[in-house]
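The values are calculated or read from the model by the stated rules, or taken from the named source; none is laboratory data. Worth saying up front: this structure is predicted, and the values here are computed from it rather than measured. Note that each Cβ is placed from the backbone with ideal geometry, even for glycine, and that neighbours are counted across all protein chains shown.
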Amino acid sequence: MQKKTYSVYIIANATKLLYIGFTSDLPHRIWQHKEKVFEGHSANFHVCRLVYYESFDDVRNAINREKQLKRWRRVKKIALIESRNLNWHDLSDGWYDQLKSKGIAPRLA
């Protein structure tokens, strides 16, 4: 049996507006942000560039980390992102290229 993993992620837009979230299916959730599947903050402000993520085996640890990051001041969040992704590249670049070329969208949950 495959062990379930949970991800805490930070996405940003071109002006570095941040959104922090939690998911059990990171590629699918990022696709939802990119396609603006749900109305709200990330859709309204085009926040869809994955700039940081962490993975956890325990859902409680992931939820606690998400809550922790959301409490941090912006400067601390930026330092965290830049410690691993100095130029704010979209870490999901290339994830969906094969699907796009075939005209297929990731499965919707």
If I go through the stretch 72-109 residue by residue, how many of them are among the hydrophobic types (A, V, I, L, M, F, W, C), surrounded by 10 or more Cβ atoms within 10 Å (Cβ to Cβ), in a helix (DSSP H, G or I) and modelled with pLDDT of 95 or more?
4
Taking the stretch 42-62 as the region of interest, how many residues are farther than 15 Å from L26 by Cβ and within 14 Å of the chain's Cα centre (by Cα)?
3
Just one listed residue, out of V59, V37, is modelled with pLDDT under 95, surrounded by 12 or more Cβ atoms within 10 Å (Cβ to Cβ) and among the aliphatic types (A, V, I, L, M), and it is V37
